[in-house]
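Here the structure comes first, spelled out in C-alpha coordinates, and everything after it is commentary.
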Amino acid sequence: MKPKHYAILSDCIEEGCRYGVIRGHKHTYNPSHEVIEDAVHSAIMERINQYYDFPEFEYNNEHTTK
(Lines give C-alpha, C1' and ligand atoms only; values in the text may rest on other atoms or scores of the structure.)
Protein backbone atom coordinates (compact mmCIF):
# COMPACT_ATOMS: atom_id res chain seq x y z
CA MET A 1 0.00 0.00 0.00
CA LYS A 2 1.15 3.48 -0.80
CA PRO A 3 -0.36 6.61 0.77
CA LYS A 4 -1.73 9.32 -1.49
CA HIS A 5 0.32 12.19 -0.10
CA TYR A 6 -1.19 14.82 -2.40
CA ALA A 7 -4.73 13.98 -1.32
CA ILE A 8 -3.75 13.88 2.36
CA LEU A 9 -1.96 17.24 2.19
CA SER A 10 -4.78 18.77 0.16
CA ASP A 11 -7.29 17.75 2.83
CA CYS A 12 -5.02 19.06 5.59
CA ILE A 13 -4.63 22.41 3.86
CA GLU A 14 -8.33 22.76 3.09
CA GLU A 15 -9.39 21.89 6.64
CA GLY A 16 -6.62 24.02 8.12
CA CYS A 17 -7.63 27.06 6.07
CA ARG A 18 -11.26 26.70 7.05
CA TYR A 19 -10.50 26.19 10.74
CA GLY A 20 -7.77 28.85 10.80
CA VAL A 21 -10.07 31.57 9.47
CA ILE A 22 -12.64 30.69 12.13
CA ARG A 23 -9.93 30.68 14.80
CA GLY A 24 -8.59 34.02 13.58
CA HIS A 25 -11.99 35.57 14.21
CA LYS A 26 -12.44 33.89 17.58
CA HIS A 27 -11.78 36.89 19.81
CA THR A 28 -12.53 39.79 17.48
CA TYR A 29 -14.88 40.67 14.64
CA ASN A 30 -12.18 42.47 12.68
CA PRO A 31 -8.81 40.70 13.12
CA SER A 32 -5.71 41.97 11.36
CA HIS A 33 -4.45 40.23 8.26
CA GLU A 34 -1.44 38.99 10.25
CA VAL A 35 -3.64 37.38 12.94
CA ILE A 36 -5.62 35.49 10.29
CA GLU A 37 -2.44 34.38 8.49
CA ASP A 38 -0.93 33.08 11.73
CA ALA A 39 -4.12 31.23 12.68
CA VAL A 40 -4.40 29.62 9.24
CA HIS A 41 -0.73 28.61 9.23
CA SER A 42 -0.99 27.08 12.70
CA ALA A 43 -4.16 25.19 11.82
CA ILE A 44 -2.64 23.79 8.61
CA MET A 45 0.50 22.64 10.42
CA GLU A 46 -1.58 21.03 13.18
CA ARG A 47 -3.56 19.08 10.56
CA ILE A 48 -0.40 17.97 8.75
CA ASN A 49 1.16 16.86 12.04
CA GLN A 50 -1.82 14.56 12.60
CA TYR A 51 -0.69 12.48 9.60
CA TYR A 52 3.07 13.01 9.34
CA ASP A 53 5.87 12.82 11.91
CA PHE A 54 8.75 15.24 11.62
CA PRO A 55 11.28 13.90 14.14
CA GLU A 56 13.86 16.59 13.32
CA PHE A 57 11.31 19.36 13.95
CA GLU A 58 8.96 19.45 16.90
CA TYR A 59 6.09 21.72 15.88
CA ASN A 60 5.29 24.39 18.42
CA ASN A 61 2.63 27.09 18.11
CA GLU A 62 5.04 29.55 19.68
CA HIS A 63 6.95 29.88 16.39
CA THR A 64 4.10 31.94 14.96
CA THR A 65 3.95 34.31 17.90
CA LYS A 66 5.35 37.71 16.99
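The values are calculated or read from the model by the stated rules, or taken from the named source; none is laboratory data. What you see is a predicted model, and the numbers here were worked out from it, not measured in a lab. No Cβ is skipped: glycine too gets one built from the backbone with ideal geometry, and neighbour counts run over all protein chains shown.
State all residues of segment 1-56 that are surrounded by fewer than 12 Cβ atoms within 10 Å (Cβ to Cβ) and of a type in the set (G, A, S); if no residue qualifies, say none. A7, S10, S32 - these are the residues of segment 1-56 that are surrounded by fewer than 12 Cβ atoms within 10 Å (Cβ to Cβ) and of a type in the set (G, A, S).
This table checks each residue for (1) modelled with pLDDT of 95 or more; (2) more than 24 Å from H5 (Cα to Cα); (3) touching a Pro at 6+ places or on another chain (Cβ under 6 Å); (4) not in a helix (DSSP H, G or I).
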site: G16; (1), (2), (3), (4): yes, no, no, no
site: H27; (1), (2), (3), (4): no, yes, no, yes
site: N30; (1), (2), (3), (4): no, yes, no, yes
site: A43; (1), (2), (3), (4): yes, no, no, no
site: H63; (1), (2), (3), (4): no, yes, no, no
site: K66; (1), (2), (3), (4): no, yes, no, yes
